[in-house]
Amino acid sequence: LEDVKSVVTEDVSVNSTLKDVQEDPLDAQRMQRVKEAMIHAWSSYEKYAWGQDELQPQTKDGVDSFGSLGATMIDALDTLYIMGLDEQFQKAREWVATSLDFDKDYDASMFETTIRVVGGLLSAYDLSGDKLFLDKAKDIADRLLPAWDTPSGIPYNIINLRHGNAHNPTWAGGDSILADSGTEQLEFIALSQRSGDPKYQQKVEKVISVLNKNFPADGLLPIYISAETANPSHSTITFGAMGDSFYEYLLKVWVFGSKTLSVKHYRDMWEKSMNGLVSLVKKSTPSSFTYICEKSGTSLSDKMDELACFAPGMLALGASGYNDPAEAKKFLTLAEELAWTCYNFYESTPTKLAGENYFFNSGSDMSVGTSWNILRPETVESLFYLWRLTGNKTYQDWGWNIFEAFEKNSRIESGYVGLKDVNTGVKDNKMQSFFLAETLKYLYLLFSPTTVIPLDEWVFNTEAHPLKIVPWNDQLNLGQSTAVQQRKPTIRLRQRRIGRMTNK
C-alpha cells in the first residue's frame, strides 16, 4: 500500500500484503480457481466481443444489449481490480478513456444503466482513485437526470441518452416500476459526495421522501407506481423481479450514510418492510423450506424468484442494526433459513443450477417454474454475507458447490453460458455482464480474507459494485466536503489488498 495512512487508522501496517494474512489453504485454493474462471471469462470477452455489451460464447461474437455502452467492460472493472488483474484492468481503462461514448440516440433503461455503468465507474474510481472514472460517471449520470423531471419526482424508467426524452415502458401501463425507481440512491448520493455537486443526491432522495409520506404500515409497495402522482397501483407485491432492490437500498443507504440521524428514515422504512416480509413467509411440506410468497391484493402466491435470494444476505446485513437482541436474532435466523432454501434451488435440479423461479406445493416442497439459469448471483451473494457475518464455513462449502456446477455446465471453450433448462442442461448463447460483476466477484470474496472489501468500510450496490463509506454530509452542501476527491487510493493493484489491514 502507498499513501494509505490518509484514509485508515494509524495502527495499520502500510507494508502488509495479502500473504501476511492467515489464510485457510483451502480458501486460497478456491479463491485462485475463481480467479482463473474470471480470467477465462474476461479473455473470451476480450477475444470475441471487445468493447461490446455482452459476449455470445456459442457464436463467438458480441451483442450490444445495452446500447453499446460497454456493459461487460464497465461491469468487470472492479472485479479485475480486486482480483489483482493489473494488465487486464489497464487495458479496460484505456478503452474507457478512448472509446467509451455516451452520446447515443438510444433509449436506455435508467435502472440498468445506473447499477451497471454509473455504479461500475464509481466503484472503479473508489478503488483506483483514477479521476477518469469519476468524470465518465458524471457524464452518464447527467444524461439520466431528466428522467426525474416528473410531477411527483418518481422517475420515468427509460430515457434517451442523447435527447433526454424520458418515458415509461408501455408494458407497465405507463407506470414506473418500484425497483427501477428506488435503486439509484446509492450511486447518485455517492456521485454527489465525490463530485461536490448536490443535484444527484437531491433527485434520488426526493423519491424516498415522496414514498415515505404515505408509506404503508407493513412497508410493502406494489411493483407499479404512478410517476404523475406517486400513488401505487393495485399490482403484485414481491421481493423478486421489479420489487427486490428497492428494499435492499433502504438498508444500504442507511449503512452507506454511516447509520446517522440523517438516514434514520431509511432504516425505519426498511424495518417496516421487513415486518411486511415476515407476513409473506411460509414453510413448505414436508421439508419445511422457508420461502417468501408474492402477494396480490389479499391473496398469497406460493412462488419465489431466484432473484429474491438476495434477501437472506440483506436480512443478515440488517439484523445487527436492531436495538432489540431478540429481533436481531429473529431476522438472522430467518436469513439462515431462507439461504438454505435458496441453496436447495440449486441442489434440487439435475444440473445443480437453479431455475429462475420456484413454486411450492403442499406435500412436494419446491418445483422449478421457469427453468432457465442465466448465471445469476443472488444466492452466492447471500452466502457471502452470511459467511462474513456469522463465520460459518458451511456457506463457503455451499458456494463452492454452486461454483463447481457453473464450471461443469456453463463453462465452454469461449466463455460461460447460461442454461435454457436446468433440468436438461441445454445451453444458451449469452455471458451476462453481471456474471463478471457479481457472480464471480461474490464467489471470490466468499473465499477471500475478510479484510478484502470489509463490510464496515464498503457498501455493495445491487450490481455488486463496492462503494467506499465516507463521512456523511447532512446539509447537501457537498461543495464543502469533497473528502473522496481529495483522498488517495486505498489499493494498489499489484498487492491485491483492500482497505484496513487489521484482522477481524
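Of the residues SER258, SER233, which single one is more than 28 Å from ASP365 (Cα to Cα), at pLDDT below 95 and touching a Phe, Trp or Tyr at 6+ places or on another chain (Cβ under 7 Å)? Step through it out loud before you land on a result.
Values: SER258 fails: at pLDDT below 95.
Only one candidate passes the filter, namely SER233.
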Given (1) open to solvent by less than 30 Å² (accessible area, probe 1.4 Å); (2) out of contact with any Gly (no Cβ under 8 Å at 6 or more places or on another chain); (3) of a type outside the set (S, T, N, Q), number of the condition ILE74 does not satisfy: (2)
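Just checking, does the stretch 388-409 include any residue being part of a loop (DSSP other than H, G, I, E, B), in contact (Cβ under 8 Å) with a residue 40 or more places away in the chain and closer than 25 Å to ILE374 by Cα? Spell out the reasoning first.
Of the residues in the stretch 388-409, the ones part of a loop (DSSP other than H, G, I, E, B) are 391-393.
Now narrow it down to the ones that are in contact (Cβ under 8 Å) with a residue 40 or more places away in the chain: none.
Checked the stretch 388-409: no residue is part of a loop (DSSP other than H, G, I, E, B), in contact (Cβ under 8 Å) with a residue 40 or more places away in the chain and closer than 25 Å to ILE374 by Cα.
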Total residues in the stretch 337-359, condition open to solvent by 10 Å² or more (accessible area, probe 1.4 Å) and either polar (S, T, N, Q) or over 24 Å from THR462 (Cβ atoms) (or both): 8
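Out of the residues in the stretch 315-330 that are under 19 Å from PHE246 (Cα atoms) and in contact with a Phe, Trp or Tyr (Cβ under 7 Å, 6 or more places away or on another chain), which is surrounded by the fewest Cβ atoms within 10 Å (Cβ to Cβ)?
Of the residues in the stretch 315-330, the ones under 19 Å from PHE246 (Cα atoms) are 315-319, 321.
Then keep just the ones that are in contact with a Phe, Trp or Tyr (Cβ under 7 Å, 6 or more places away or on another chain); that gives 315-319.
Numbers: LEU315: 25, ALA316: 25, LEU317: 24, GLY318: 24, ALA319: 19.
By that ranking, first place goes to ALA319.
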Which numbered condition ARG162 misses (of (1) out of contact with any helix residue (DSSP H, G or I) (no Cβ under 7 Å at 6 or more places or on another chain); (2) part of a helix (DSSP H, G or I)): (2)
Residue, farthest from VAL380 (Cα to Cα), within the stretch 282-307, restricted to residues that are touching a helix residue (DSSP H, G or I) at 6+ places or on another chain (Cβ under 7 Å) and of a type in the set (A, V, I, L, M): ILE292
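Going by the conditions given, is ASN373 under 30 Å from ASP64 (Cβ atoms) and surrounded by fewer than 23 Cβ atoms within 10 Å (Cβ to Cβ)?
On the way: under 30 Å from ASP64 (Cβ atoms): yes; surrounded by fewer than 23 Cβ atoms within 10 Å (Cβ to Cβ): no.
So ASN373 does not fit the description; no.
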Tally of residues being open to solvent by less than 10 Å² (accessible area, probe 1.4 Å), outside any helix (DSSP H, G or I), touching a helix residue (DSSP H, G or I) at 6+ places or on another chain (Cβ under 7 Å) and not charged (D, E, K, R) across the stretch 171-219: 3
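The values are calculated or read from the model by the stated rules, or taken from the named source; none is laboratory data. None of the values given here were measured: they were computed from a predicted structure. Because the Cβ atoms are built from the backbone with ideal geometry, glycine has one as well, and the counts that use them run over all protein chains shown. Only protein heavy atoms, including side chains, enter the accessible area calculation; ligands, DNA and RNA are left aside. Shrake-Rupley method; radii C 1.70, N 1.55, O 1.52, S 1.80 Å.
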